[in-house]
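Can you keep this structure in mind? I'll have questions shortly.
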Amino acid sequence: MKKLFLLLTVISIMMLSACTSSIHMSQVDIGSNSQKDLDEGKVIAIEKSQKNILGFVYDSNYVDQAYAELLQRCPNGTAMINVEYLTNHGFLSWTDKIRLKAICR
């Protein structure tokens with residue numbers, strides 16, 4: 001009986017500590033750019049995140065920070081932009097992330 005209880009306890013702990021990840025949204029905007037704009041541009045990648053522990057949110061302006069960095073790194077605008085919103089789940093916590101990939105003009 002003790003071995004069964006120990007086995008169930010170990011399995012429960014392993015299941016509670018498992019992690020997952022999911023992509024909620026991936027959006028691409030090409031606009032009306034020519035192939036020349038897409039070929040000559042510089043590709044940049046920006047990733048910002050916020051941590052949630054037991055529903056308490058920290059650094060809630062991570063999307064604004066990513067947008068400000070995009071404007072700073074691409075002052076002449078973008079020829080294409082890809083936005084991904086994803087979540088990494090952990091034990092009693094999760095991390096929301098936003099990834100921006102863009103071609104600067």
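For segment 53-105, which fully contained strands (runs of 3 or more DSSP E) count at least 1 residues that are free of Cβ contacts under 8 Å to residues at least 40 places away in the same chain and within 25 Å of Gly41 (Cα to Cα)?
Working: elements: 56-58, 78-90, 93-104.
Passing ranges, in order: 78-90.
Counting only residues that are assigned to a helix (DSSP H, G or I) and touching a strand residue (DSSP E or B) at 6+ places or on another chain (Cβ under 7 Å), which one in segment 28-45 is modelled with the highest pLDDT?
If we take residues in segment 28-45 being assigned to a helix (DSSP H, G or I) and touching a strand residue (DSSP E or B) at 6+ places or on another chain (Cβ under 7 Å), then Leu38 is modelled with the highest pLDDT.
Provide a single number: the residues in segment 46-82 that are modelled with pLDDT of 90 or more and in contact with a Leu (Cβ under 6 Å, 6 or more places away or on another chain).
Summing the residues that are modelled with pLDDT of 90 or more and in contact with a Leu (Cβ under 6 Å, 6 or more places away or on another chain) in segment 46-82 gives 3.
Hey, another quick one. Any idea which residue in segment 84-103 is farthest from Leu54 (Cα to Cα), counting only those that are crowded, with 17+ Cβ neighbours inside 10 Å and among the hydrophobic types (A, V, I, L, M, F, W, C)?
The selected residue is Ile103.
Quick one: count up the residues across segment 74-100 that are more than 25 Å from Tyr58 (Cβ to Cβ) and in contact with a strand residue (DSSP E or B) (Cβ under 6 Å, 6 or more places away or on another chain).
Residues meeting the conditions: 6.
The values are calculated or read from the model by the stated rules, or taken from the named source; none is laboratory data. As the structure is a computational prediction, the values presented were derived from the model and not from experiment. All Cβ positions, glycine included, derive from the backbone under ideal geometry; neighbour counts span all protein chains shown.
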